[in-house]
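First up is the structure itself, then whatever we jot down about it.
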Amino acid sequence: MRILLGLEYDGSRFHGWQSQADGSGVQDAVESAVGKVAASVVSVTAAGRTDAGVHATLQTAHFDVGMSRPDTAWVRGVNAHLPDAAVVRWALAISEEFHARFTATGRHYTYLLLDRPIRPALLRERVGWYHRPLAVEPMRRAADALLGTHDFSTFRASECQARTPVKTLDRLDIARDDDMIRFDFHADAFLHHMVRNIVGALVYIGSGRQGESWIGELLRGRDRTRAAPTFSAAGLYLTGIDYPSRWNLPSTRARVRMPAA
């Protein structure tokens, strides 16, 4: 039997999704908790592997087990064995034809950035930070150059294992609420560090360090060394995974609420 989970976690308490030798990955925590309920060793496959410090309001992951349990057992039972920084939001049995990663048709990410002179204390592991106010309108205009299907090599980490750097980014919305800026992304898939690298470039534009046309030049140049540094993982949230409607899943998106600083 294949079981699909909807997960939420605080990435600051883990060293990324992927299993670690010291057991500090989200995958380690979930496999351990599921294994206790299943009374067997279980391998869990996620829709995407988030980096250390990156959060998830909705990550999906599946596993196979040799026995039947009520869906509630995979929620309450697994949650009873998970650390406080991770939780199962929902669970359901699903066909073995379904794959959390390969059946997905799109991913959603949100980046929260605090732009004020004083660094955050209460939100230090929940938001990115820039030390002075950024101009949102130039960032919005610059972001238009990234929409569509492109080779995103400029915004790709050197250790990225994706087969191709060509991705389709169809949403990059930027909004301000007081001294918090929200970046909402949607694409068919993302490269390693792609969102954080794009945010870093937009910060250069919002701060006046680079003009609006610069990000388009970066995109066309396909040279990571010419771009801005990778921005902090603290403000990044995986907020949902898209799947074809025929699977009739519970909600696979969960919007992150912009916290008050």
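The values are calculated or read from the model by the stated rules, or taken from the named source; none is laboratory data. Nothing here was measured: the structure is a model prediction, and the numbers come from that model. Cβ placement follows ideal geometry from the backbone for every residue including glycine, while neighbour counts extend to all protein chains displayed. Quick note on the areas: whole protein, heavy atoms, side chains included, nothing else; ligands and nucleic acids left out. Shrake-Rupley method; radii C 1.70, N 1.55, O 1.52, S 1.80 Å.
Over all orientations, the chain has a Cα convex hull whose mean projected area works out to 14.0 square nanometres. Accessible surface calculations at 1.4 Å, restricted to protein heavy atoms, place the chain at 46 Å² per residue. Dividing the mean sequence gap of close Cα pairs (under 8 Å, 6+ apart) by how many residues the stretch 1-105 holds gives a relative contact order of 42 percent. Axis of helix 26-38 versus longest Cα principal axis of the chain: the two differ by about 20°, to the nearest ten degrees. Computed on the chain, with alpha-carbon pairs under 8 angstrom and 6+ residues apart, the relative contact order is 24 percent. Could you give me the percent of Cα pairs per 10 Å distance bin for the stretch 157-233, shortest bin first, beginning at zero and ending with the bin that holds the maximum distance? Per 10 Å bin, starting at zero, the Cα-Cα P(r) for the stretch 157-233 comes out as 16, 52, 29, 3 percent.
Placing unit charges on C-beta atoms (Lys and Arg positive, Asp and Glu negative, everything else neutral), compute the dipole magnitude of the chain about its Cα centre in debye, rounded to 20.
Working: 32 positive and 28 negative charges, 56 e Å.
The dipole of the chain has a size of about 280 debye.
Computed 3J(HN,Hα) for the stretch 168-178, one whole-Hz value per residue from the Karplus formula 6.51 cos²θ - 1.76 cosθ + 1.60 where θ = phi - 60°, is 10, 9, 10, 8, 8, 9, 10, 9, 10, 9, 6, glycine and proline marked x.
Rg to Rh for the stretch 115-197: what is it, with Cα atoms only and Rh by Kirkwood?
Using only Cα positions, Rg/Rh for the stretch 115-197 is 1.01.
About the centre of its Cα atoms, the stretch 1-75 shows a dipole size close to 160 debye [charges on the beta carbon of Lys, Arg (+1) and Asp, Glu (-1) only; nearest 20 debye].
Taking only the C-alpha atoms of the stretch 58-151, the Rg (one decimal) and the largest Cα-Cα distance, Dmax (whole number), read 20.2, 56 Å. Computing FRET efficiency as 1/(1 + (r/R0)^6) for Ala85 and Arg2, where r is the C-beta to C-beta distance and R0 is 30 Å, gives about 0.70. Relative contact order of the stretch 27-76, taken over Cα pairs closer than 8 Å and 6 or more residues apart, is 35 percent.
For the stretch 97-230, the dipole from Cβ point charges (+1 on Lys and Arg, -1 on Asp and Glu) about the Cα centre works out to 380 debye, to the nearest 20. When the alpha carbon gyration tensor of the stretch 114-261 is reduced to an equivalent ellipsoid, its three semi-axes come out at 24, 22, 14 angstrom, largest first. From helices alone, the chain scores -5000 deg cm²/dmol at 222 nm; the rule is -39500 (n - 2.57) for each run of n ≥ 4 DSSP H residues, then divide by the residue total.
Find, among the GluC sites (Glu not before Pro) in the stretch 92-178, those assigned to loop by DSSP (not H, G, I, E, B) with at most 11 other beta-carbon atoms within 10 angstrom. Each step should come with its number before you reach the end.
Details: sites: Glu96, Glu97, Glu125, Glu159; in loops: Glu96, Glu97, Glu125, Glu159.
Here the GluC sites (Glu not before Pro) that fit, given the DSSP loop and packing criteria, are Glu96, Glu97, Glu159.
Just going by the charge dipole of the chain, with Lys and Arg at +1 and Asp and Glu at -1 on Cβ, which of Ser232, His62, Val87 is farthest out on the positive end? Looking along the dipole axis, the top candidate is Ser232.
For the stretch 194-261, the alpha carbon positions stretch 45, 34, 18 Å along the principal axes, listed from largest to smallest.
Ranking Gly148, Trp214, Ile181 by how far each Cα lies toward the positive end of the dipole of the chain (charges on Cβ) leaves Trp214 at the top.
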